[in-house]
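J.: Have a look at this one before I ask anything.
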Amino acid sequence: MTIGTIIFYIFVWILILFFLAILVILCIWMWTGLKAKVPFVPVPNSILPDIEKALDLKEGSVVYDLGCGDARVLSYLANRNKNKNIKFIGIENSWFPINLARLLTWWNKKRGKGEVSVIAQDFFKYDLSNATHIFVYLYPTVMDDLLSKFDKELSPKTKLVSVTFQFTQKKPIFEVDLERKSYQLAKKMYVYEF
Ligand SMILES: C[S@@+](CC[C@H](N)C(=O)[O-])C[C@H]1O[C@@H](n2cnc3c(N)ncnc32)[C@H](O)[C@@H]1O
C-alpha cells in the first residue's frame, strides 16, 4: 500500500466519522424536540438587533430568556452591553440546548465577551421576581400558561418581548413587524409591560 492510498483511507474515515457525528447530533436534537412541549428552534440571528432595540436595556437590568435554547440571544445582548452591570440569565430544561448553551457561553467568556448564566431548570418553577426584562420565543399555549405566573410574580414595569407568539388575555404595548419573507419564521415581535 502506498502512502497516497493510506492518506486516502484516513481521509475517507475522517469524513465518515464527521457525518456520523452530525447524524448523532441531529437525532439528539429531534429526540429532545419531540419530548418537549416547545422544541428548540433558535431565533434567526438577523433579528437580534430588533430584539435588543425592543428590550431597551438599562444599567443594572436583570434579563431572562425563558427557554434560552443555545443562549444566542443573551450572548448577543451580553456582548453588546458588556460594561452596563447587567445580569443575563437563561433558563432551559432540555438536555441538548442546555449543553450547547453552556459550551457557547463558556467560549464567549473565555474570549472576554459578555457573561451569561445558564440555569438548567423548568422556568415554571423559577422565581422571576428580580427580572426587569424577559425575552421569550415559545408557543401560544405556554404563553398563556405563563401569564398567571407573570401577573403574580413580576415587579411593576417589567418588560417582556415575545417573538411570534402573543398572550390571548393581555394586549402588547406595541408590536414590531420584523419584515421577514413569507416563508421565514419570526415575522413579528410583541412587547408587553407588567
Ligand atoms: C423555540 S426555542 C427558543 C430558544 C431561544 N430562546 C431562542 O430564541 O433562540 C424554546 C426553548 O424553550 C425550552 N423550554 C420549553 N419549555 C421549557 C420549560 N418549561 N423550562 C425551560 N425551558 C423550556 C425548549 O427546550 C427550547 O429550547
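The values are calculated or read from the model by the stated rules, or taken from the named source; none is laboratory data. Just so you know, these numbers come straight off a predicted model, no measurement behind them. Virtual Cβ from ideal backbone geometry, glycine too; neighbours counted across all protein chains shown. Just so you know, the surface numbers come from the protein's heavy atoms only, side chains and all, with ligands and any DNA or RNA stripped out. Shrake-Rupley method; radii C 1.70, N 1.55, O 1.52, S 1.80 Å.
J.: Taking the full set of protein chains and a 1.4 angstrom probe, give the accessible area of Ile119 in square angstrom, rounded to the nearest 10.
T.: Roll a 1.4 Å probe over it and Ile119 shows about 50 Å².
J.: Now for a different question. log₁₀ I(q)/I(0) of the chain at q = 0.18 Å⁻¹, via Debye over equal Cα point scatterers, no solvent, to two decimals?
T.: Scattering profile of the chain, log10 relative to I(0): -1.28.
J.: Express the carbon and sulfur contribution to the solvent-accessible surface of the range 45-193 as a percent, rounded to the nearest whole number, probe 1.4 angstrom.
T.: 50
J.: Enter the per residue convex hull volume of the range 87-186, computed from alpha-carbon coordinates, in Å³ rounded to the nearest integer. The partial results should precede the final answer.
T.: Numbers: hull volume 14.4 nm³, N = 100.
Looking at the range 87-186, the number lands at 144 Å³ per residue.
J.: A further question follows. When only Cα pairs under 8 Å and 6 or more residues apart are kept, what is the percent relative contact order across the chain?
T.: Here the relative contact order equals 18 percent.
J.: With θ set to phi - 60° and the Karplus curve 6.51 cos²θ - 1.76 cosθ + 1.60, what are the ³J(HN,Hα) couplings of the range 177-188 in order, to the nearest whole Hz, using x for Gly and Pro?
T.: Ordered by residue, 3J(HN,Hα) equals 7, 7, 6, 9, 5, 4, 8, 8, 7, 6, 8, 9 Hz.
J.: Now for a different question. What whole-number distance in Å separates the alpha-carbon centres of the range 108-145 and the range 53-69?
T.: 8
J.: Out of Leu26, Leu178, Asn85, whose Cα points farthest toward the positive end of the dipole of the chain (charges: +1 Lys, Arg; -1 Asp, Glu; placed on Cβ)?
T.: Farthest along the dipole direction, towards plus: Asn85.
J.: With every protein chain kept in the model, how would you rank Ile173, Ile98 by accessible area, 1.4 Å probe, largest at the top? Working shown, then result.
T.: Details: Ile173 95, Ile98 10 Å².
Greatest to least solvent exposure: Ile173, Ile98.
J.: Based on the Kirkwood radius over alpha-carbon pairs, what is the Stokes-Einstein translational diffusion coefficient of the range 3-80 at 10 °C with 1.306 mPa s viscosity, in µm²/s? Walk me through the intermediate numbers first.
T.: Values: Rh = 16.1 Å.
Translational diffusion coefficient: 99 µm²/s.
J.: If you count, for each residue, the other Cβ atoms within 10 Å and average over each peptide, how do 45-51, 66-72 line up from highest to lowest?
T.: Listed from highest to lowest mean packing, they are 66-72, 45-51.
J.: Right, something else. Quick one: accessible surface of Glu153, probe radius 1.4 Å, all protein chains present, in square angstrom to the nearest 10.
T.: Roll a 1.4 Å probe over it and Glu153 shows about 50 Å².
J.: Here's another thing I want to ask about it. Using the Karplus curve 6.51 cos²θ - 1.76 cosθ + 1.60 with θ = phi - 60°, what ³J(HN,Hα) values do you get for each residue of the range 120-133, in whole Hz, with x for Gly and Pro?
T.: 8, 7, 6, 5, 5, 9, 9, 6, 9, 5, 8, 6, 10, 9
J.: Under 10 Å, Cα contacts only: if you run a Gaussian network model on the chain, which one of Ile89, Ile134, Ile28 comes out with the highest mean-square fluctuation?
T.: Result for the chain, Cα springs under 10 Å: Ile28 fluctuates most.
J.: Can I ask one more? Nothing charged except the Cβ atoms of Lys and Arg (+1) and of Asp and Glu (-1): what's the magnitude of the dipole of the chain about its Cα centre? Round to the nearest 20 debye.
T.: Rounded to the nearest 20 debye, it is 380 debye.
J.: Quick check for you: with a 1.4 Å probe and neighbouring chains kept, what is the accessible area per residue of the chain, in Å²?
T.: In whole numbers, the chain has 60 Å² accessible per residue.
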